[in-house]
Structure formats: structure tokens, C-alpha cells
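I have placed the structure first, in the form of C-alpha cells, so that the comments after it can refer back to it.
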Amino acid sequence: MNNLNERKFIVGLIFLIVGFVYLIRLFNVQVINRKYKADSDHNVLRVITEYPARGLIYDRKGKLLVYNEAAYDLMVVPRQVAEMDTLGFCDLLGIPYEDFIQKLTTARNYSRYKPSVFEKEISAESYAQIQEKLFAYSGFYVQRRTLRKYPRKSAAHVLGYIGEVDAATVEKNKYYKSGDYIGKSGLELAYEELLRGKRGVKRILVDVHNREKGSYEDGNLDTLAVTGQTIITTLDAELQEYGELLMKNKKGSIVAIEPETGEILALVSSPNYDPNLLVGRDVKKNYPVLSKDSLNPLFNRALMAQYPPGSTFKTLQALIGMQDGVITEHSGFPCIKSYVGCHNHPAAQNVEQSIKMSCNPYYYSVFKRILMQDKSKSIFKDSEIGLAKWNKQVKKFGLGQRLATDLPAIKSGFIPDVNFYNKWYGEGRWAFSTIYSLSIGQGEIGVIPLQMANLGAILANRGYYYTPHLIKEIKNTDTIPSIYRIKNDVGIEQKYFPPVITGMNKVIEEAGGTARRAKIDSIAVCGKTGTAQNPHGEDHSIFMAFAPMDSPKIAIAVYIENAGFGGTWAAPLASLMMEKYLTGKIKDQAKETRILEANLMDVKPKK
């Protein structure tokens, strides 16, 4: 009897334990662990990501540069896909059967339960046709997103483009998920966090026939998407488009800046491309074509192309020479061509004439005085001391360093220093006579067009600049990056600027000046031509200028590759840009026609 009772007790205990385990398990499934509820919900719930509209982008006058257009992603939950008319579905989407199998397999490999993108970026027109028949295909639904559109088809290098986020970014930044889009270049990249907005989530009840039945729990668990912020840029859309028109059939760039603010009015890189080519599904097709184009239209020459400044650099050499006290505005030097080659002109008797006639031997002599100031008995050491000081002075002009503009891809240019020449020639084995080509902006000096336009702004301001930038206003805020409000002094006293600026005006206004083609009726222009040596073909044509002479409103730099002397092509093109901006029209139609019709694309080999 005792054995029977003992067995009953043991059996009862086992049932009690098993029942207790089931109760715990049930409690875990229903209350603690939500996985099983979630699996059930996937049969009746559809969780839809609400993508925000990206912020709009405008020019300085309120002209729309970038807006959004509706597009749709076709999503699939593989577990919910039932028997279907596959060929009819392929016909509806306009895809081959093989693509259908591949896309569905990819989705299943990702997850049988979670939604993933089956077909990206379906246009609004296509969606209207698909929507009517989609209910017949269980497991498929549409998720709305937007695509960028560029109504003016210009400023591609400035605005940039957006593309699908890569795995490395998803891993690094927890905001992004696979399938999200992110700014890839230009302002889209620079101001991504402002433009992207904030995602929302919407939960929809769906019946077994794939039909939406309303919000889940009256939408109490939904979150609204927050639209990205609107950006006002410093660009003048009409000036930008005019610059792109003038640069047709030419390789090079134009950068125009408002001197008193550092705001970039135009930034042209040529050849360029229609930014609409890199939108949505067209990116995969068009990007490889553009990247393999021999003319390299994706390359932003205004920020990435490094050239010698040529004779435009003489303005800076004159200022440093006067600031150092090694010359005065009245200093004259003979034009001795055995020092360095020069064109035929009278000897420059002062700084004004040296700028007007662009005398090379004059600046050979100025640079020699800057470098060799008898600080040491050794000409090698003396040159080292002089070059070290000169290097610091030049860099104050924003050269040889990256200007902190708000476009992400930008070169620093190059200003050689003592360490550079010590490594190249050996310590104590070089002097002024080794590096005198720096005197006229040649040799190892490299600048980008943005830096050259900024030099024009410095001259216009008589000694300072604001870092060039493209952000004018973030809508509904008073904040732009503080760096763009800082006044950068270049360390040259204002009293040394008048002779250089007067000389720059004479370059255009007086007989014997090197840029007579840059003259604008009723506007006093100050400019300096340059011709940058090019070992692979004809020299590059350069012009740097500002206008008007008093109270300047625009500073500009133009580089045209393989176009020869700066006064022939770059100078008249720059004058058209300045006249267009300052007056809104062009009086000299013959000048404009000459530039518009010129084809300067061919690279001519050196003879």
C-alpha cells in the first residue's frame, strides 16, 4: 500500500511539474517573449517604413534647384507569397521570368518572414498601372519613397546625387538600414543630416487577400516621418547656367565669389552632365558610362584640378615684397630676358607697370629679394630662411591648404617648403637660382580654381577673405556654420594694395595691358592674366579678376585647358560672366558669340 501511495505521489508530482513547466512556457510565449506574437502578426500586420521627403534646395534668389518626385518600392514577404500567375506578374512589372526567380530567391535568402525590396523606384506612372492588380498577388505590397529631380539640369558638381547606402555605412551609422538612400556627393553629402529628415513607421492590418483593412490599434503605435530641412544656397542659378553655356566645348572651370561674404555665386566644371542622369534606377546604368567617358565629366575641376597659377601669382608676390620692405610701389627693374623669358614691352618702372605688362624678369628680381635678405653668409641657408618665411606668407592667402568650403571633395593645392626641396635636391644643395620659376607662378606651385577665385576676393577686399561657401540659409533657422562668418586676414597692410589693384585695372583699360578683351563698358574691371605651362599640350588659359574696382561685387577665376594665352580666351569669358551678373545683360554680342562658338576641346601635342 505504501508502494502504491508512493507511486501515486510520484506520478502526481510529475504531472504537477509538467503542468508547471507548460504554464511557465505559455507565460513566456504570451507575455515575455514576443517572437511568436510577432510571427502571428506577420500574417495580419504590415509594417511600412514611411520615408521622409528630403529637404528642397534653392538658389540665392529663390529658384528651385532640387525637388522630390514620388516613387515606389515593390516589397515582398516571401512566406506570404502563394501560388500565382507568375508570367502575368512579370508582364505587369515588365521584367523577365528569370529576374522574378532571382529576386524572389534573394528575398528568401534574406528572410522568409521580413519584407525586402523586390523592385526599386517604380515611377508614379507605372505604379498607377500596377496598383489596380496588385491585390491578386499575396505577399507583395508597395512602399512609397521619393526621388530627386533637377528642374534646371545644371550645377551637377555642386548639388551632387543620392544613392543606396552601402554595408559599411549601415554598420557605422545605426540610423541607416539596408535600402536607405544617402547623399553621395556635393551638397547632398555635405548636408545629409539636414536634408534626410527622419523616418516614420506605419502599421497596417491586411486580410488574407492582401487587402489593407485599416491602421493597427488605431495608429497609436505609428510614428510620423519628418521632412528634411530646406536649404538656400549661395548660387545664382542664372549665372551658373550662363557659365555652363559659355564653357560648352571647353575643358576647365569657372568660380565666382561675392567678396564681401565669401558666398560662391557660380561653380562650373566642364565638361559637366545633367544631374537627372544619376537619379533612381538610372544610376546603375548611367554612372559607369559617365565614369568611363574620356572627357571625365564626373571630375570636379573647380575643386580637384591642380594647375600652376601662372602670372596671376605676381599680384601676391608684389604684395609680399612690399610688406617685407624689399621693394616699394616705385621699385623698377629692367626686363632682362636672360633671367627668364618675357614678351616684348618697355621695362617696368614700378609695381603698377609690372602688373599691367606682366613682366617676368621683374618678378624674378622681386622673388630674389624676398628669398635672399642676407640673413646668412651662405646663399643656401639664406634661401632656406627666405623660403620658410615666404611659405608662411603665401599660405595665409588660403593656398597650399584645403579651404573649408562645404563641398566634401577638394584639393589643397601645393606651396613648396624647405623640407620639400631638401628631400628633392638634398640639404644645402639648392638656392634661389634653383627655384626661381616660383617667382612667376610656375615650378612646383599648384592651385585649384576655387583658391584662385578666392585670391581675387582677397584683392577685392584689400587684404581679407571669408571662407568660400555654398550655404546661405537653412530655412527657419538663423544658423550656418560659424567658420563662414570668420574674417581671415592675410597679413598684408591695406596701404600696399592700391598699386597692385591699379595695375590690375590697367591690364584691361590701357594699351599694352594683357587683357584688353576683358573690358566691360561702364564697369571698371581689375584683372590679371596667366598662362599655365602644360607639358602634355597647349598651355592653359587663366584669368583672375574682380569688379567693379570700387565696392566689388564679384571676384572670378577662369581656367580653360589647352587654350593658350590667358588674355585670348579666359579673360573675355570672365568678363561676360561679370557683366551678366552685374547688369543682367551682354552689350558686346560679338564677344559673346566668339566664346559660345569656340571649340577648345582638342588637346594639341607639344611640338
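The values are calculated or read from the model by the stated rules, or taken from the named source; none is laboratory data. No experiment lies behind these values; they were computed from the predicted model shown. Here the Cβ is made from the backbone with ideal geometry for all residues, glycine too, and neighbour counts use every protein chain on show.
List of remarks:
- Residues that are under 20 Å from residue 443 (Cβ atoms), part of a loop (DSSP other than H, G, I, E, B) and out of contact with any helix residue (DSSP H, G or I) (no Cβ under 6 Å at 6 or more places or on another chain) occur in the range 314-337; there is at least one.
- Residue satisfying all of: in the range 173-196; modelled with pLDDT under 90 and crowded, with 17+ Cβ neighbours inside 10 Å; nearest to residue 75 (Cα to Cα) among these: 179
- Listed by position, the strands (runs of 3 or more DSSP E) enclosed by the range 203-311 that each have at least 3 residues that are loosely packed, with under 15 Cβ neighbours inside 10 Å are 212-215.
- Criterion: modelled with pLDDT under 90 and of a type in the set (S, T, N, Q) - qualifying residue of 272, 220, 249: 220
- The set of residues from the range 342-398 being closer than 30 Å to residue 466 by Cα, over 36 Å from the mean Cα position of the chain (by Cα) and small (Gly, Ala, Ser) comprises 354, 386.
- Filtered residues of the range 136-164 (kept if assigned to a loop (DSSP other than H, G, I, E, B), small (Gly, Ala, Ser) and out of contact with any Lys or Arg (no Cβ under 7 Å at 6 or more places or on another chain)): 138, 139, 154, 155
- Sole residue being closer than 21 Å to residue 496 by Cα and free of Cβ contacts under 8 Å to residues at least 40 places away in the same chain, chosen from 391, 419, 350: 391
- Qualifying positions in the range 165-174 - assigned to a loop (DSSP other than H, G, I, E, B) and over 24 Å from residue 276 (Cα atoms): 173, 174
- In this entry, residue 503 is excluded by the filter for residues that are under 22 Å from residue 393 (Cβ atoms) and under 33 Å from the mean Cα position of the chain (by Cα).
- Residue in the range 149-156 that is loosely packed, with under 13 Cβ neighbours inside 10 Å, touching a residue at least 60 places away in the same chain (Cβ under 8 Å) and within 19 Å of residue 280 (Cβ to Cβ) present: yes
- Qualifying residue in the range 108-129 (condition: in a helix (DSSP H, G or I) and at pLDDT 90 or above): yes
- Restricted to the range 381-409, and to residues there that are among the polar types (S, T, N, Q) and in a loop (DSSP other than H, G, I, E, B), the residue that is nearest to residue 317 (Cα to Cα) is 401.
- Tabulated pairs, the range 63-80, first hydroxyl-bearing (Ser, Thr, Tyr), second in a strand (DSSP E or B) and modelled with pLDDT under 90, C-beta under 6 angstrom, 6+ apart or interchain: 72/122; 72/142; 72/144
- Only one entry in 179, 139 is more than 30 Å from residue 244 (Cβ to Cβ), touching a residue at least 24 places away in the same chain (Cβ under 8 Å) and touching an Asp or Glu at 6+ places or on another chain (Cβ under 8 Å), namely 179.
- Every listed requirement among (1) crowded, with 20+ Cβ neighbours inside 10 Å; (2) farther than 27 Å from residue 344 by Cβ; (3) of a type outside the set (A, V, I, L, M); (4) not assigned by TED's automatic domain parsing to the domain that holds residue 500 is met by residue 546 save one, (4).
- Those residues of the range 175-196 which are of a type in the set (Phe, Trp, Tyr) and part of a loop (DSSP other than H, G, I, E, B), in sequence order: 175, 176, 191
- Residue within the range 582-589 that is assigned to a strand (DSSP E or B) and modelled with pLDDT under 95 present: no
- Selected residue [under 25 Å from residue 561 (Cα atoms) and of a type in the set (Val, Ile, Thr)] from 447, 366, 418: 447
- In the range 524-543, the residue that is surrounded by the most Cβ atoms within 10 Å (Cβ to Cβ) out of those that are part of a loop (DSSP other than H, G, I, E, B) and of a type outside the set (D, E, K, R) is 525.
- Residue within the range 549-569 that is free of Cβ contacts under 8 Å to residues at least 12 places away in the same chain and either among the hydroxyl-bearing types (Ser, Thr, Tyr) or not in a helix (DSSP H, G or I) (or both) present: yes
- Note on the range 81-125: residues that are under 24 Å from residue 284 (Cβ atoms), in contact with a strand residue (DSSP E or B) (Cβ under 9 Å, 6 or more places away or on another chain), of a type outside the set (Lys, Arg) and in contact (Cβ under 8 Å) with a residue 40 or more places away in the chain total 10.
- On the stretch given as the range 570-591, residues that are free of Cβ contacts under 8 Å to residues at least 40 places away in the same chain and either within 18 Å of residue 456 (Cα to Cα) or not basic (Lys, Arg) (or both) total 4.
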